[in-house]
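One structure is given below, encoded as structure tokens.
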Amino acid sequence: METPAAPHNPAAEPATPATPASPGTPVSTVTVTVGSPAEMGELGLALAKRLRPGDLVMLTGELGAGKTTLTRGLGAGLDVRGAVTSPTFVIARVHPPLGAGPALVHVDAYRLGGGLDEMEDLDLDVSLPDSVVVVEWGDGKVEELSDDRLHVLIDRATGDTDDEVRVVTLHGIGARWTEADLPSLAG
């Protein structure tokens, strides 16, 4: 009689692969559930501790998902100057550091239709080495800036609902994110 195979247990598997991934392949993925805007800000604070100059963070989610709220937490954690608000109408805002940390460059690419070529005037490639660059709506527009990036997907209930719960999935892409300890954000 054959013994049944043990059930699959993803928690028992390593969080990162042992070999380098190809460009664009997540090397670290973690999912966090947040229950309120305050918790989204707290996630931003915790994530900021893992960021360093040169990091590119792409935020994806529907309108009202919490992209700017997360970025506000990042700004607080990075200790930058100025209120972090949505840059929708100015496209990009630079928040200089108050201390020795990196500046925060907050970009909203929603109204930009093309790829990186259309964003060239923002000089993100110049800002990136010394700053943390956070791009809302950056899918298909800024990936060329860095092989190493953090892609944050924020899902929320849709329709007529007051549900504030969000499921945030962080995909660390590139070797940089093997050392960032993203799994500890889950808990």
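Structure notes:
- Being outside any helix (DSSP H, G or I), open to solvent by 40 Å² or more (accessible area, probe 1.4 Å) and at pLDDT 95 or above is a property that Thr31 has.
- Residues in the range 124-141 that are over 13 Å from the mean Cα position of the chain (by Cα) and either modelled with pLDDT of 80 or more or assigned to a helix (DSSP H, G or I) (or both): Leu124, Asp125, Val126, Ser127, Leu128, Pro129, Asp130, Ser131, Gly140.
- Filter result for Ala83 (open to solvent by 50 Å² or more (accessible area, probe 1.4 Å) and of a type in the set (Gly, Ala, Ser)): yes
- Within the range 156-179, restricting attention to residues that are touching a residue at least 40 places away in the same chain (Cβ under 8 Å) and over 15 Å from Met58 (Cβ atoms), the residue that is surrounded by the fewest Cβ atoms within 10 Å (Cβ to Cβ) is Thr158.
So that you can scan it fast, the table gives a plain yes or no per residue for (1) of a type in the set (Gly, Ala, Ser); (2) buried (at least 20 other Cβ atoms within 10 Å of the Cβ); (3) at pLDDT 95 or above:
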{"position": "Gly35", "(1), (2), (3)": "yes, no, no"}
{"position": "Glu39", "(1), (2), (3)": "no, no, yes"}
{"position": "Gly54", "(1), (2), (3)": "yes, no, no"}
{"position": "Glu62", "(1), (2), (3)": "no, no, no"}
{"position": "Thr88", "(1), (2), (3)": "no, no, no"}
{"position": "Pro96", "(1), (2), (3)": "no, no, no"}
{"position": "Ala103", "(1), (2), (3)": "yes, no, no"}
{"position": "Gly114", "(1), (2), (3)": "yes, no, no"}
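- Residue list for the range 50-108, restricted to those being touching an Asp or Glu at 6+ places or on another chain (Cβ under 8 Å), assigned to a loop (DSSP other than H, G, I, E, B) and of a type in the set (Ser, Thr, Tyr): Ser86, Thr88
The values are calculated or read from the model by the stated rules, or taken from the named source; none is laboratory data. Quantities reported herein were computed from a predicted structural model and do not represent experimental measurements. Positions of Cβ are generated from backbone atoms using ideal geometry, with glycine treated the same way; all protein chains shown enter the neighbour counts. Side chains are part of the model used for accessible areas, which takes the heavy atoms of the whole protein and leaves out ligands, DNA and RNA. Shrake-Rupley method; radii C 1.70, N 1.55, O 1.52, S 1.80 Å.
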